[in-house]
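Read the structure below first, then the notes.
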Amino acid sequence: MKRIIVFGAGGRAGRATVREAVLRGHEVTAVVRDPARHATLASAADEAPIPAADGRVAVGGGRSAVADGRAGTGDAGITAADGRVAVGRVRVVAGDVTDAGGVARLAAGHDAAVNAACDLGVPPDVYFTGAARALVDGLTAAGVRRLVAVGLASVLETPSGTPLMDTPGYPQEYRAFYLGHAAGTDVLRAAAPPALDWLVLSPAGDFDHGGARTGGYRPAAAEAASRVSYPDFAIALLDEIEAPRHNRVHLGVEQGL
């Protein structure tokens, strides 16, 4: 069991990460800007049945109420298809991933961190670089040794070595957003000390926004048609926290075995 802090836990990738972490029995600190807007996050693992790869369904069960009387804290249990029950604990807190001091304070005592945060109200080149610097400084101060950041396929390289955003016909209206993501990764490459082992993980193409949990994924170079569901992406992300295999790179994943 690990203690994992998830920045941006209220978004789709963040919620899927919290859910998968609870399924595996980890303790999670879910960081959002306004906990009052995410009252159900502490019971994220109970929200829907989990279709297994063979068609069986794991039904959410267990406790999702506040366990100790503190707002934003609860236990969530999931009964898996083979009868096992994984119980994890979720604590929902307010925080800002661009505040190094806040990152250090919230991350203290955790084994790993996930960054799935985004703020579309801030210029991308400012937001993603600021978040990366704050994570490097804050996580290092807190002694957290593993960071997995949710990245963007647009800046992932294709098999030819060309970033996906530079391939013919790729949409350019969000290029500033793509470049902001890339700049954030550049900060990790340049500033992260050896003690902070980081990985940027993204779909190889895009999320399958309505896709189910199949339990399968594979590493892949950038490909615009590639897809991975949020639950399967979260499996890949948690695998890289529990047993890191990729270090200091941007890795793409897609659905499959």
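The values are calculated or read from the model by the stated rules, or taken from the named source; none is laboratory data. All of these numbers come straight from a predicted model, not from anything done at the bench. With ideal geometry, Cβ positions are generated from the backbone for all residues, glycine too; neighbour counts draw on all protein chains shown.
The table below lists the values:
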item	result
Those residues of region 196-213 which are part of a loop (DSSP other than H, G, I, E, B) and either modelled with pLDDT under 95 or surrounded by 19 or more Cβ atoms within 10 Å (Cβ to Cβ) (or both), in sequence order	L196, A204, G205, R213
Inter-residue pairs, beta-carbon under 9 Å, first in contact (Cβ under 8 Å) with a residue 12 or more places away in the chain and under 21 Å from E223 (Cα atoms) and in region 242-257, second of a type in the set (D, E) and assigned to a loop (DSSP other than H, G, I, E, B), 6+ apart	G252/E223; E254/E223
Hey, P171 closer than 20 Å to V228 by Cβ, in a loop (DSSP other than H, G, I, E, B) and either more than 15 Å from the chain's Cα centre (by Cα) or not hydroxyl-bearing (S, T, Y) (or both) or not	yes
Filter result (at pLDDT below 95 and on the phi > 0 side of the Ramachandran plot) within region 80-111	G83
Filter result for L156 (under 18 Å from the mean Cα position of the chain (by Cα) and farther than 19 Å from A100 by Cβ)	yes
A222 buried (at least 19 other Cβ atoms within 10 Å of the Cβ), touching a helix residue (DSSP H, G or I) at 6+ places or on another chain (Cβ under 9 Å) and within 27 Å of V136 (Cα to Cα)	yes
Residue check, S154 out of contact with any strand residue (DSSP E or B) (no Cβ under 8 Å at 6 or more places or on another chain) and closer than 18 Å to A221 by Cα	no
Qualifying residue in region 177-195 (condition: in contact (Cβ under 8 Å) with a residue 60 or more places away in the chain, within 27 Å of G121 (Cα to Cα) and assigned to a helix (DSSP H, G or I))	yes
Test: residue in region 113-125 that is surrounded by fewer than 19 Cβ atoms within 10 Å (Cβ to Cβ), among the β-branched types (V, I, T) and closer than 15 Å to Y178 by Cα	yes
Single residue of A131, A149 found to be under 15 Å from the mean Cα position of the chain (by Cα), farther than 17 Å from A236 by Cβ and either surrounded by 17 or more Cβ atoms within 10 Å (Cβ to Cβ) or not hydroxyl-bearing (S, T, Y) (or both)	A131
Selection status of S160, of a type in the set (S, T, Y), on the phi < 0 side of the Ramachandran plot and touching a Gly at 6+ places or on another chain (Cβ under 9 Å)	no
Residue list for region 20-37, filter: within 21 Å of V144 (Cα to Cα) and not β-branched (V, I, T)	E20, A21, R24, G25, H26, E27, A30
